[in-house]
Amino acid sequence: MTTAQLRERATERLNNLPPDKIRVAVEFLEYLDTAASRDATDELLKVPGLVQDAKDVSKCVKKRQYKDWRKVRKDA
C-alpha cells in the first residue's frame, strides 16, 4: 500500500471519529512524531566525535575561521 493510500485511509478514519477520539488520535500522532525525532537525535549522538566536531565548527564560525565555499576545490 502506498503512502498516499495510507494517508487516505487515515483521513477517512479521522472523519468518522467523534471529537474526543480525534483529540486522542492527534495526541498519539504527536507522540509518534516526537518519538521519531528523539530516536533520530539519539542515533546521531552515537556517532563518535560528532558532538565535539559540532562544537569545534561552532567555535570556528564565531572566530570567522573558515573558507569561503567558492574557494574550495570543486573536485574535492
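The values are calculated or read from the model by the stated rules, or taken from the named source; none is laboratory data. Quantities reported herein were computed from a predicted structural model and do not represent experimental measurements.
Points to keep in mind about this one:
- Condition check for Arg73: at positive phi and modelled with pLDDT under 90: no
- Of all residues in the range 35-76, exactly one satisfies the criterion of being aromatic (Phe, Trp, Tyr) and not in a loop (DSSP other than H, G, I, E, B), namely Trp69.
- Selection within the range 8-34 - among the hydrophobic types (A, V, I, L, M, F, W, C) and either assigned to a helix (DSSP H, G or I) or under 23 Å from the mean Cα position of the chain (by Cα) (or both): Ala10, Leu14, Ile22, Val24, Ala25, Val26, Phe28, Leu29, Leu32
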